[in-house]
Amino acid sequence: MLAVLGPTASGKSHLALALAQRFDGEIINCDSTAVYRGFDIGTDKVPMNERQGIAHHLIDVADPTDVYTAARFAADAARVIGEIHGRGRLPILVGGTGLYYRALVRGLFPGPAADEALRARLTRIGDRRGNATLHRLLLRVDPESAARIMPADRKKVIRALEVYYATGRPLSAHFAATTSLVAHCDVRAIALRLPAEPTSARVAARVDRQFERGIVQEVRGLLASGVPREARPFGGLVYRQVMEMLDGVRGEQETRAWTIPEGSTAVDAAGAIHSDLARGFIRAEVVTYEDLVALGSTAEARKAGKLRSEGAKYIVKDGDTLEVLFNV
């Protein structure tokens, strides 16, 4: 199985299509918002007429009011991977939701039930003293989870603390004892990473395209159709900001500008993919912008035959047949 991991606007979809064409693959979505029907523009789902005949799986498989969990994703993805193997093709997992990816390749543990009183108490601490205080609490009891979870991600910080106080063991210890649903697969992962400057420009261009395509009208239509404001997918990037705009928190231009830094920050978080890489939770070949330039755009690389097209960058891994195409 091949996995293309990475944050917002890093080019995952284009890379996945190129790889699927090259290696007779089928694509499996690994984005927690794209699983929901009707949430199309904000997730940049690849239109049917641009999929080049490549089968795409786990897109539009849940109603907006469903609670599509990481455990459900892992089970669905494992089933689809088996079906793709049965057809003699290569499964290519594509997305930026780190929890979904970890649930599939590392497994999940049956965590304790929610402790609403504890959650409320921790929430009050966060409200009074800030997210940094909650994160410091986590750092004391579970440094591995603290390294993986961003301080601003209060929901995940509180859940990690809740697991520790309920079980007496850190969340990271529970994860270490889990079993992968694809242990029988040889998983090759590629993690895309771009530096801050091109990332901000790409996120800005993406946000502008989404507004031009009608993201505001899409949100209004979903609300008018009866989708409740509390539905999970409304918490996704862009959707959350548009909801605030419709509530009068800010105007359209300010909303566009406000979304860009959040999207750029998500590039570093990316569902904690890159911090997971650093901690060894995810094993992947990290492809950076500098790698692409060094391997694909220099005169020496052209002479060596590593650049086969003026409009694209290629990376050839020594000793492997994997050829990675990435449009920058």
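Give me the distance in nm between label points sitting 7 Å out from Cα along the Cα-to-Cβ direction at HIS85 and PHE23, one decimal.
1.5
Take ILE125 and GLU252, extend 7 Å from each Cα along the Cα→Cβ direction, and tell me the distance between the two endpoints in nm.
Each label point lies 7 Å from its Cα, and together they span 4.4 nm.
Values in this text are rule-based calculations from the coordinates and carry no lab data. Note that the coordinates shown come from a computational prediction; the quantities given were computed from them, not determined experimentally. Reconstructed Cβ throughout: ideal geometry from the backbone, glycine too, with neighbour counts over all protein chains shown.
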